[in-house]
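Notes for the one structure printed next.
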Amino acid sequence: MTRALTLGETARTVAAEFAVTASLDDESGAFPHENFRKLQEYGLLALTSPVTYGGRGAGLGDAATVIGEIAKGEPSTALILIMQYINLATLPGGRWPEHLVRRVLADAAQRGALINALRVEPELGTPIRGGLPATTARRTEEGWSLSGRKIYSTGIAGLTWCIVWGRTDEESPRVGAFLVPANADGIRIEETWNPLGMRATASHDAIFQDVRIPFDHAVDIRPPEQWKDREAGQAVWMAVLLGSLYDGVARAARDWLVQFLHDRKPANLGAALATVPRIQQALGEIEELLAANARLLRSAARDADTGEAPSSPESNLLKLTVTENAISAVEKALRLTGNHGISRNNPLERHYRNALCGRIHSPQEDTVRIAAGRAALGI
């Protein structure tokens with residue numbers, strides 16, 4: 001009898017397939033549709049949706065395992081999958097109408113539908129820094145008419161559902177989430193995404209022009225003052241999964257480096273670079289960073305899964321620490337490999353470009369450290 005694969009083994013199997021085409025995905029910047037077809041085939045797209053909604057009911061620890069493995073193969077796919085996992089896990093406990101929660105989660109389980117929140121705007125930047133969105137919902141006789149532009153819309157080319165951050169046109173505006181089918185009339189994608197790394201997320205601009213949605217698709221709108229920090233549960237999910245992604249990128253870089261050090265045998269040395277104590281010490285520094293990451297991520301995921309999620313400030317510090325460790329690990333690998341490391345014939349330079357994107361995700365370094373400093377000062 002054939003033994004069933006564990007979740008980690010399944011993710012590694014899929015990631016190995018993704019790794020074969022990762023360089024092509026990076027070069028083209030196109031949405032990796034085939035990767036998501038495979039994820040659905042392996043039962044991974046609705047992993048974190050509760051069983052009662054057709055999902056597998058996985059917690060943060062299992063989700064982090066999958067994200068870390070997928071990121072080793074193709075990290076843009078992993079980033080889009082993070083947004084899927086967080087939304088599917090948190091929607092049932094939110095303020096959405098039950099019938100829309102059920103519809104979205106069933107769509108993910110049965111058809112592999114993808115969902116993500118579109119929040120960032122050209123003038124506003126990220127809402128985490130404050131300010132009202134320019135995207136506006138105007139009340140009509142049938143529902144709402146939504147207009148605005150969202151930038152850095154992760155995965156927009158493959159989404160089925162968009163959670164659009166906007167404001168109402170009321171005298172006292174309410175702010176929040178509007179659920180919009182990605183194929184609704186009035187939505188246009190402008191292909192603006194051409195970044196250093198994480199290129200296959202296809203995070204283009206999404207333009208909404210008088211997009212009509214029913215009244216109940218204003219799924220969570222509130223007075224602006226009611227939107228403050230992320231709840232601790234959502235913050236730790238974002239921190240652990242983003243950390244797992246960039247840690248996975250760093251581990252892919254480490255794996256390539258180890259093979260390179262065994263294979264590379266300079267004539268003046270007469271042996272593999274792996275035999276040199278200085279090289280061994282440098283590799284040990286990389287292992288030090290990755291070991292710390294593993295402990296941090298496991299601990300936070302375990303606490304969240306047992307109902308003891310760290311506070312939002314602590315989760316944000318974790319995200320910052322793990323992503324900076326990942327970047328440092330890949331930089332150390334580059335120092336060891338010289339021209340080989342920066343050659344586009346090898347994957348290490350791609351891993352470095354992808355790792356650097358860990359600094360971009362909200363909350364960013366200044367926000368995290370100012371908040372931690374203020375808390376320490378009692379301000």
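Quick notes on this one:
- Tally, over the range 15-34, of residues that are over 18 Å from the mean Cα position of the chain (by Cα) and of a type in the set (Asp, Glu): 3
- Taken together, the residues in the range 9-34 that are in a helix (DSSP H, G or I) and open to solvent by 10 Å² or more (accessible area, probe 1.4 Å) amount to 17.
- Across the range 35-80, the number of residues qualifying as out of contact with any helix residue (DSSP H, G or I) (no Cβ under 7 Å at 6 or more places or on another chain) and either open to solvent by less than 10 Å² (accessible area, probe 1.4 Å) or part of a helix (DSSP H, G or I) (or both) comes to 5.
- There is no residue in the range 280-296 that is open to solvent by 60 Å² or more (accessible area, probe 1.4 Å), part of a loop (DSSP other than H, G, I, E, B), on the phi < 0 side of the Ramachandran plot and without any contact (Cβ under 8 Å) to a residue 12 or more places away in the chain.
- Check on Val249, surrounded by 13 or more Cβ atoms within 10 Å (Cβ to Cβ) and in contact (Cβ under 8 Å) with a residue 40 or more places away in the chain: yes
- Looking only at the range 1-14, and only at residues there that are within 19 Å of the chain's Cα centre (by Cα) and of a type outside the set (A, V, I, L, M, F, W, C), the one that is modelled with the highest pLDDT: Arg12
- Residue that is farthest from Gln234 (Cα to Cα) [pool: residues in the range 335-374 that are open to solvent by less than 70 Å² (accessible area, probe 1.4 Å) and aliphatic (A, V, I, L, M)]: Leu336
- Yes/no for Thr21 being modelled with pLDDT under 95 and out of contact with any Phe, Trp or Tyr (no Cβ under 8 Å at 6 or more places or on another chain): no
- In the range 101-124, the residues that are open to solvent by less than 30 Å² (accessible area, probe 1.4 Å) and under 18 Å from Asp216 (Cβ atoms): Val101, Val104, Leu105, Ala106, Asp107, Ile115
- Flag for Leu242 being of a type in the set (A, V, I, L, M, F, W, C), open to solvent by 60 Å² or more (accessible area, probe 1.4 Å), at pLDDT 95 or above and closer than 28 Å to Val120 by Cβ: no
- If the condition is being under 15 Å from Arg222 (Cβ atoms), of a type in the set (Ser, Thr, Tyr) and open to solvent by 20 Å² or more (accessible area, probe 1.4 Å), then the range 130-175 contributes only Ser172.
- Pairs, first in contact (Cβ under 8 Å) with a residue 12 or more places away in the chain and under 27 Å from Thr337 (Cβ atoms) in the range 347-376, second of a type in the set (Phe, Trp, Tyr) and not in a loop (DSSP other than H, G, I, E, B), C-beta under 7 Å, six or more apart: Pro347/Trp256; Leu348/Trp256; Ala355/Tyr246; Gly358/Tyr246
- For the range 47-97, a residue qualifies if it is under 12 Å from Leu242 (Cα atoms) and of a type in the set (Gly, Ala, Ser), and the qualifying residues are Ala63, Ala64, Gly68, Ala71, Ser76, Ala78.
- Residues in the range 132-147 include none that are closer than 30 Å to Thr323 by Cβ and in a strand (DSSP E or B).
The values are calculated or read from the model by the stated rules, or taken from the named source; none is laboratory data. Because the structure is predicted, anything quoted here is derived from the model rather than measured. Using ideal geometry, Cβ is built from the backbone for each residue, glycine included, and neighbour counts are taken over all protein chains shown. Only protein heavy atoms, including side chains, enter the accessible area calculation; ligands, DNA and RNA are left aside. Shrake-Rupley method; radii C 1.70, N 1.55, O 1.52, S 1.80 Å.
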